[in-house]
Every structure is written in structure tokens, then in C-alpha cells.
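Heads up, the thing below is written out as C-alpha cells.
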Amino acid sequence: MSILAWIEEQRKLKLLKNPKPAATSTETGQGLWTRCDNCGVILYIKHLKENQRVCFGCGYHLQMNSNERIHSLVDQGTWRPLDELLSPCDPLEFRDQKNYTERLKEAQERTGLQDAIQTGTGLLDDIPVALGVMDFHFMGGSMGSVVGEKITRLIEYATQNGLPLILVCASGGARMQEGIFSLMQMAKISAALQVHQNEANLVYISVLTSPTTGGVTASFAMLGDFIFAEPKALIGFAGRRVIEQTLQEKLPDDFQTAEYLLHHGLIDLIVPRSFLKQALAETLTLAKGAPFQEIGKIPYGVEFPMNLIDQENWNRFIQTPTSYDDFVQNFEALLKTQENIQSGESTQILKNVKDNAETTTGSNPILWYSEYKDGNTNDVTFLNR
Ligand SMILES: [Zn+2]
């Protein structure tokens, strides 16, 4: 059973336990009333929205859509969306009961979104932030290639512009209709986050709302420098039933709730919705003065424009050259095998390489070689961006 089906079943079970008053059935149809998923109290939607979709009866946090969330977090009139027109396609021509394209079209018409996330920039209590908000109402907030790409672009934008990043997660996990294309987003986003957090030293706060499950939990949701969650939010990887059946034991009632995870050290803070903006603003203010933050193009990793075979050859030929003569000997031998260059030419090439490269890449001969390769071949660059 999928996580989504499980959530739906839990909701139905709760409704059965708290029978619905007969009078409200017609109003629900008109979209004026709704009922609390937790205590079953009937709520007037207009008032509920004003209360940020927090139940008046029990304080339970009902699901918010992405527009409401952005409205509640971003200062009025400062929201600037990014990549609004990025739309999903159907690479696998996936079909279950319905075609994937039909499901997409239906979800797009119902929500007015292209996919299950909105990204952009705005001011949060006058602090510029890059914000991504997932929308559970679009196919269960599932992460397909568009969601992954939008998040990655947002992170890269934030890195370039030195912005702190906030991602509000609400997702059933990776989108099964896109198969491996959705799974690879996990690695892609994590790689972009690595640069944002550890090379540019910028802050990333992930806000987990109910439900955050599957591939989202297994990637960016748990990578925040600070991980906030809403009270009683369902946060997990596999569904409760799957785990129970695998382990053959009963799990505690509060298993996979925010409170349970806080107790076990997986998240940092549980913040009620009414305080969320303030908590984010205060955390960002605190992080603003952090040292070593970098803005702009961030170099990262080891940038060798070599393929792996070249690298291996290079490692064997050159045992950490310490002097120029040392380098010449090894490099000449390497050039002869690698580049089909005759010995007469190689001396001149070496001189050119050294003259050109030393000024741009410093005194490390290994970098000279990479500079030379960079300028002379069209090799696939492996570790290069
Ligand atoms: Zn309630």
C-alpha cells in the first residue's frame, strides 16, 4: 500500500470514529465548511483560512495549499516567482487506471499550478529569502522531475545571490509515474544543497509539514541546517503498515509524528503555524552574521577536465611532482602516450603550458595539465560543473 493510500485510509478511519453531523453534508459540497481531520469539529472555511487553517477546537494543523503558505510567510507584495512555466512531460508514457498526462492535466486545472511546488524569492520580515513551497493538493505533493528541477534551480539561484533558503515540504514522496526520473532528483537536489550549505556556507531551513514522506524525507527534507516541523505533522519514510509488517511488531501510537522525531533527535524544533514566520525570521537573523558566507560563482570539488582513464594514467605517471624538472620528465612521458605528440613538439608545448598555466592556476603542475587539457580538447569533463 502506498503512503498516500495509507494517509487516506487513516483519514477515513478518523472520520468513522467521529461521525459527521448530518446537517453539514450539503454545505461541504458548496465548499463553505470543512471538518477537522483530528477532532471532527465542523469549521467555517473562511474563518479557518483567517486562522491559517488551524482547528479552533483542538489546534490541529490542517493542510495549507502553497498560495496560503506563501501568503502567510512572505511580506505582502514581495513575492517573485521563479520558473513558473516549467511543466512536466510523460517520459515513460505511464499509465495506471488513467494516463499520467490526464492526471497532470486534471491536477493543473484544479490547482492552477504547473507542478507540485512553487519557488521564488521574497522578503520574510524584511529579510530576503529564497522560498520553495510544496503543494500537497497537486498529486499528493509528489516529487517528479519538475519539482526536482525547480528546487535545484532555486537552490542555485540562492547560492548565486547569497540568499538563505527555506523549503516547506509536504509530499507523499517521489512521483512513481516518472520512475527513475523522479528518484534521481533526490541526488540532484542534495548535490545542489551541498554547494549552498558547505561551499557557500549559506543557511537552509527545512520546514516539515504534514505529511512529509518517502523520497522527500530521504533527501532535502532532512538536510536542513535547521529542521522545523509543525505540531503533530506526519513525517516518515516508509508507511507505518509496511514497517509493522516487516518488523512483525506493533509501533507506538505517536510513531512518525513530529513530536516523536523531536524526542529522538531527528528534528530541531516544533513550531506552531502562528509562530512560524517569527521563528524563521529570528533564526535567519541569527544566521545572518555567520562567517565565511560566499556569494556568486562558487568553485567546488576538484575541477579536473579529465576523464577517469586520463586521471588514472596521470596518477600513475606523476607521483606528486615537486619541481619543474620533475614535472617536465613525467609530463613529457604522459604527453607522448596520451596525446600522440612527438618529442620535438613536446618541449615547446611544455613551455607554453607552463607559461600560460602558471599565471592562471598557480604553481601546482597537476593544475597546469588540467589547464592544458581544458584548452586543447573537448573531453567530457567529469568532475567539472
Ligand atoms: Zn480539531
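The values are calculated or read from the model by the stated rules, or taken from the named source; none is laboratory data. Every value quoted in this text rests on a predicted model; they were computed, and no experiment measured them. For neighbour counting, all protein chains shown are included, and Cβ atoms are generated from backbone atoms with ideal geometry for every residue, glycine included. Heavy atoms of the whole protein, side chains included, go into the accessibility calculation; ligands, DNA and RNA do not. Shrake-Rupley method; radii C 1.70, N 1.55, O 1.52, S 1.80 Å.
Packing-wise, with mean Cβ within 10 Å as the measure, how do 241-253, 184-196, 209-221 rank, highest first?
209-221, 184-196, 241-253
Please give the contour-minus-distance gain from Tyr44 to Gln194: 0.36 nm per residue of separation, less the Cα-Cα distance, rounded to one decimal in nm.
Using 0.36 nm per residue and subtracting the Cα-Cα distance, I get 49.6 nm.
Please sort by residue number the GluC sites (Glu not before Pro) in region 44-143 whose DSSP state is loop and whose Cβ has at most 11 other Cβ atoms within 10 Å.
Answer by residue number: Glu93.
Under 1.5 on a/c is rounded, so check that first for region 63-288, then, if it is not, pick prolate when a/b is larger than b/c and oblate when it is not; a ≥ b ≥ c are the square roots of the alpha carbon gyration tensor eigenvalues.
Numbers: a/c = 1.58, a/b = 1.10, b/c = 1.43.
Oblate shape, in that a/c is at least 1.5 and b/c is the bigger or equal ratio.
Relative contact order, percent, of region 63-288 when contacts are C-alpha pairs under 8 Å separated by at least 6 residues? Walk me through the numbers before you get to the answer.
Working: 431 pairs, mean separation 35.9, N = 226.
Over region 63-288, the number comes to 16 percent.
Name the residues whose placed amide hydrogens come within less than 5 Å of the amide hydrogen of Leu43, ignoring near sequence neighbours (fewer than 5 apart) on the same chain.
The answer is Thr34, Arg35, Cys36.
Classify region 170-262: rounded, prolate or oblate, from the alpha-carbon gyration tensor (a ≥ b ≥ c, eigenvalue square roots; a/c under 1.5 rounded; otherwise prolate if a/b is larger than b/c)?
The shape class here is oblate.
Select from region 100-196 those chymotrypsin sites (Phe, Trp or Tyr not before Pro) which occupy a DSSP coil region and have at most 13 other Cβ atoms within 10 Å, ordered by residue number.
none
Set the bar at 28 Å for Cα to Cα. Now go through Lys250/Lys277; Lys105/Lys150; Lys188/Lys232; Lys14/Lys188; Lys46/Lys150; Lys49/Lys288 and name every pair that lies beyond it. Can you show the working numbers first?
On the way: Lys250/Lys277 37 Å; Lys105/Lys150 19 Å; Lys188/Lys232 30 Å; Lys14/Lys188 38 Å; Lys46/Lys150 31 Å; Lys49/Lys288 32 Å.
From the list (Lys250/Lys277; Lys105/Lys150; Lys188/Lys232; Lys14/Lys188; Lys46/Lys150; Lys49/Lys288), the Cα-Cα distance tops 28 Å for Lys250/Lys277; Lys188/Lys232; Lys14/Lys188; Lys46/Lys150; Lys49/Lys288.
Rolling a 1.4 Å sphere over the protein heavy atoms, what is the accessible area per residue of region 251-298, to the nearest Å²?
Details: 2940 Å² over 48 residues.
So region 251-298 comes to 61 Å² accessible per residue, rounded to a whole number.
Each residue of region 59-66 in order: what ³J(HN,Hα) in whole Hz does its phi give by Karplus 6.51 cos²θ - 1.76 cosθ + 1.60, θ = phi - 60°, with x for Gly and Pro?
Each residue of region 59-66 in turn: x, 5, 8, 6, 5, 9, 8, 5 Hz.
Report ³J(HN,Hα) in whole Hz for each residue of region 210-224, in order, from the Karplus equation J = 6.51 cos²θ - 1.76 cosθ + 1.60 where θ = phi - 60°; Gly and Pro get x.
Each residue's phi maps through the Karplus curve to give 7, x, 10, 9, x, x, 5, 4, 6, 10, 6, 4, 9, 9, x Hz.
Summing Lys, Arg as +1 and Asp, Glu as -1, what charge do residues with Cβ under 12 Å from the Cβ of Ala279 carry, Ala279 excluded? Write down the numbers at each step before the final one.
Values: positive: Arg273, Lys277; negative: Asp125, Glu230, Asp268, Glu282.
Net charge in that neighbourhood comes out at -2.
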